1. Mind listing whichever residues of segment 354-394 are hydrophobic (A, V, I, L, M, F, W, C) and in contact with a Lys or Arg (Cβ under 6 Å, 6 or more places away or on another chain)?
2. Quick check on this structure: which one of Arg216, Arg143 is more than 29 Å from His308 (Cα to Cα), touching a residue at least 40 places away in the same chain (Cβ under 8 Å), not β-branched (Val, Ile, Thr) and not assigned by TED's automatic domain parsing to the domain that holds Ile421?
3. Scan segment 413-422 and tell me whether some residue there is at pLDDT 95 or above and of a type in the set (S, T, N, Q).
4. Among the numbered criteria (1) assigned to a helix (DSSP H, G or I); (2) closer than 24 Å to Thr332 by Cα, which one does Glu267 miss?
5. Name the residue that is farthest from the chain's Cα centre (by Cα), counting only residues in segment 230-244 that are surrounded by 15 or more Cβ atoms within 10 Å (Cβ to Cβ) and in a helix (DSSP H, G or I).
6. I'd like to know if segment 387-395 contains one or more residues that are crowded, with 19+ Cβ neighbours inside 10 Å, modelled with pLDDT of 95 or more and closer than 26 Å to Gly35 by Cβ.
7. Which of the residues belonging to segment 12-61 are crowded, with 17+ Cβ neighbours inside 10 Å, among the β-branched types (Val, Ile, Thr) and in contact with an Asp or Glu (Cβ under 7 Å, 6 or more places away or on another chain)?
Amino acid sequence: MATRLSEDFMTSTHSAKYHELSLLLREAELLSSCGSVLSWDEQTYMPKGGAEHRAAQCSLIAGLAHERRTDPRIGELLGELQSSAGDLADNEEFVANIREVRRSYDRYTKLPKRLVEEISRVTTLSQQAWVDARAKSRFDLFRPWLEQVLALKREEAAAVSNGQGDPYDALLDDYEPATTAAELEQIFQPLASQLSELVAAISVSEQVISAEILERAFARSAQKTVVEQAAKKIGFDFHRGRIDESAHPFCSSFGPGDCRLTTRYQEEAFNSAFFGVLHEAGHGMYEQGLPADKFGLPSGQAASLGVHESQSRLWENLVGRSMAFWKGFFPTAQVNFPEVLADVTCEQFYAAINQVQPSFIRVEADEVTYNLHIMIRFELERELLSGNLPVMDLPEAWNDRYDTYLHIRPASDREGCLQDIHWSAGLLGYFPTYALGNLYAAELMAAASAHFGSLDQLIEQQDFAALLDWLRTHIHQYGRRYAPRKLIEQAIGHPVSSQPLLDHLWTKFGTLYQIPRPV
């Protein structure tokens, strides 16, 4: 049964209408979660021959969910509840739910069912085409699908924005509400400049760090054991989740009690699966921490993808790549990889996993260069959406941008513009949330560390419960009650800034590479 807010609220004259609205929203979300199961299966276990039929299934469910989400009765109930909302202005959860439902309803009702179904059908097939093109390192096999996806996303942007403003803003708003591309540029440009300065300082450092340790033969079976142990230790609940394999790592939540993570194993690349799982487990723990009794309502949903990314990047980097973590976890790694790590110290391993080296693959990038990967994608997808960059020119434009930002040039489409699944899935506007997540994560970790005095001792002892509980209390429990930036600022006690992230990076990597921070 859909949740109610409180005993006082249940006895009010608004209770019946709110309860009816909650049921309608829950049914729509249940339908959508069925589509998520099909999408997860497509990426994990579905045979290639099932792509066309799966596309039809996903399209049908997307259309049905859209019908539920645009039910005129939802509009009627919203109008009635909003007209008398003054009586309940002190109930933050009620006000937030009505505000967010109205926002979503207005967006959904601008989208024709035909377009929603077609986006679902095309992106299902497009993702299969991407998997094949990536395996063969042939962009020409994916190009026609990307062109179709872009045409559909332009149509979506025009519909939700009524043809006004920057089309990119209309797509970005679905992932990070009330944020514009212009605002992101103001954040990203100075950040990119300072990160480039740090990269340059590291590149001329006399302190050489080798990652050879991570390129030894780490048995696949042992990796699976280790990543599950690590995910469980930090707090991912395997009674309500699982890990499988896919071409691109992701987290998919189907609702309370069922959260799926995926990863990919490479025997001579330890970082790939291990830190990929910590990242996705961070997403998963956020989903597992949302109020289960509010499923279907905004108060039971993540605040934004930027906030979601703050959880994954916090656990992957600020916890998982810390010296404190490896002081506690390295013995577990040695037990599972006795021959590979027999001659390796914890300090050597810590240095190796934190080597700063411009690389082609975003999900395997180090903390310092990671945001530069995001800047590249942010720029390119805006150009693709506007039509200023023809799809046929994407591989060259991608390679040129890597040359400019990271001074490396991909040798193939696989390590170039085919490395990410996002565009094949229609997720334009998604990439900037990764960089926002890094900013938010550094702010949250600084605030949590200040609250506990220091987290290093707890992390070294492999006791992550206090940090997870802090995140549950300050982030997870609120769902979408507050706007993303307000939620973070409420948790940290001051306006969001890039300073904590830059302080963390300069402190950590200045020490590792023995370089002074510019005054």
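1. First pass over segment 354-394, keeping only residues hydrophobic (A, V, I, L, M, F, W, C): 356, 360-361, 363, 365, 368, 372, 374-376, 378, 380, 384-385, 389, 391-392, 394.
Those that are hydrophobic (A, V, I, L, M, F, W, C) and in contact with a Lys or Arg (Cβ under 6 Å, 6 or more places away or on another chain): Ile376, Val391.
2. The unique qualifying residue is Arg143.
3. No, there is no match, as no residue in segment 413-422 is at pLDDT 95 or above and of a type in the set (S, T, N, Q).
4. (1)
5. That would be Lys233.
6. Within segment 387-395, not a single residue is crowded, with 19+ Cβ neighbours inside 10 Å, modelled with pLDDT of 95 or more and closer than 26 Å to Gly35 by Cβ.
7. Answer for segment 12-61, where residues must be crowded, with 17+ Cβ neighbours inside 10 Å, among the β-branched types (Val, Ile, Thr) and in contact with an Asp or Glu (Cβ under 7 Å, 6 or more places away or on another chain): there is none.
Yes/no matrix, rows are residues, columns are (1) within 20 Å of Thr179 (Cα to Cα); (2) aromatic (Phe, Trp, Tyr); (3) within 18 Å of the chain's Cα centre (by Cα):
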| position | (1), (2), (3) |
| --- | --- |
| Ala446 | no, no, no |
| Asp456 | no, no, no |
| Arg485 | yes, no, yes |
| His494 | yes, no, no |
| Ser498 | yes, no, no |
| Leu502 | no, no, no |
| Phe509 | no, yes, no |
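The values are calculated or read from the model by the stated rules, or taken from the named source; none is laboratory data. As the structure is a prediction and not an experimental result, all values here were calculated from the model. Here the Cβ is made from the backbone with ideal geometry for all residues, glycine too, and neighbour counts use every protein chain on show.
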